[in-house]
Amino acid sequence: MLAYLFWHRPLDPAAVDAYERAVFAFHRSLARSRPVGMCGSWSFRVPDVPWRAAPGAGEGEPAAASPAYEDWYLVEDFTALGVLNEAAVGHGHRTPHDEAARRSGAGAGGLYALVEGEHPGPLSAARLAVWVARPPGSERRPLGELLGDGIDPRSASLWRRQLVLGPAPEFCLLAGETPAGVAPARLPAGWTATSVERVPIWQG
C-alpha cells in the first residue's frame, strides 16, 4: 500500500471556503469514478507544515494566515500511482483538478509505504500525525522496536518515505495519541519527532 501525500494552502487566504469547496470537488470526482488501483482519498486541515516554510510563502515572507491542508491518496502499488497521476488531469477529473489548482498556492508532495497497521481505519480515526526524522548517516534500528511499539494496528499505522520528493521526514506514525515508540526518551540521539494535530474534512 502506497500513499501519495500533498500539502497545500490556498493562494488567497481570504478565500478559504471557496478553496475548500474546490478541493472537495476534486476528491468527490475521484470518489465517483475511482482510477484503477486507487483505494481512497482523505483531506485534513492542519495548523502548519512544520518541517518547511509554509507552502505559498515566498523566501523571507511570513506564512499566510490561512490553514494548511494535508491530502492522502492511497493506491495499491506504483502502477496504480501512475494511473492516478494520469487520471487526475484526464477526462472526467480535469475540470475540478484545474479549479483546485487555480486556487492553490505552492504545494509539496511525498510518497510513503505502509509498514505497519491496517487500512483504512488508521487514516480515518487518527487525529495525530507524528513525523519522525533521523540525521543523515545514522544507524537504522528495527522499525517495530523503535516506532511501532505499543500501537493498535486497528487505529494506528506506520508509514515510511519511498522517494525524496521534498523535505518531509522519513517516517510518519498516525495515531490517536503519541505512542510509546516515538517518545523522546526512546528515540536515538539526533532523531526528532514532531506531532501535528489534524482535522479530517474529507474522506472518500
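Details
- Extension gain, Thr95-Ala180: 0.36 nm per intervening residue step, less the Cα-Cα distance, totals 26.1 nm.
- Cα-centre dipole for the chain with unit charges at Cβ (Lys and Arg positive, Asp and Glu negative), debye to 20: 160
- In plain terms, the chain from Arg127 to Glu170 could stretch by 13.5 nm, reckoned as 0.36 nm per residue minus the Cα-Cα distance.
- Top positive-direction residue, dipole computed over the chain with Cβ charges, set Val83, Gly148, Cys172: Val83
- GNM flexibility winner over the chain from Ser43, Ser66, Ser33 (Cα, springs under 10 Å): Ser33
- Degrees separating the helix 78-87 axis from the principal Cα axis of the chain, which is the longest one: 20
- Using just its DSSP H runs of length 4 or more, each adding -39500 (n - 2.57), the chain gives a mean residue ellipticity at 222 nm of -6500 deg cm²/dmol after division by all residues.
- Here the relative contact order of the chain, from alpha carbon pairs under 8 Å that lie six or more residues apart, stands at 29 percent.
- Net length gained if the chain between Asn85 and Arg32 were fully extended (0.36 nm per residue, minus Cα distance): 17.4 nm
- Amide hydrogen neighbours beyond the local backbone of Ala156, cut-off 5 Å, H modeled: Glu118
Coordinate-derived values only; no laboratory data. Predicted model, so just to flag it, every value in this text is computed and none were measured. Heads up, the Cβs are rebuilt from the backbone with ideal geometry, glycines too, and the neighbour counts pull from every protein chain shown.
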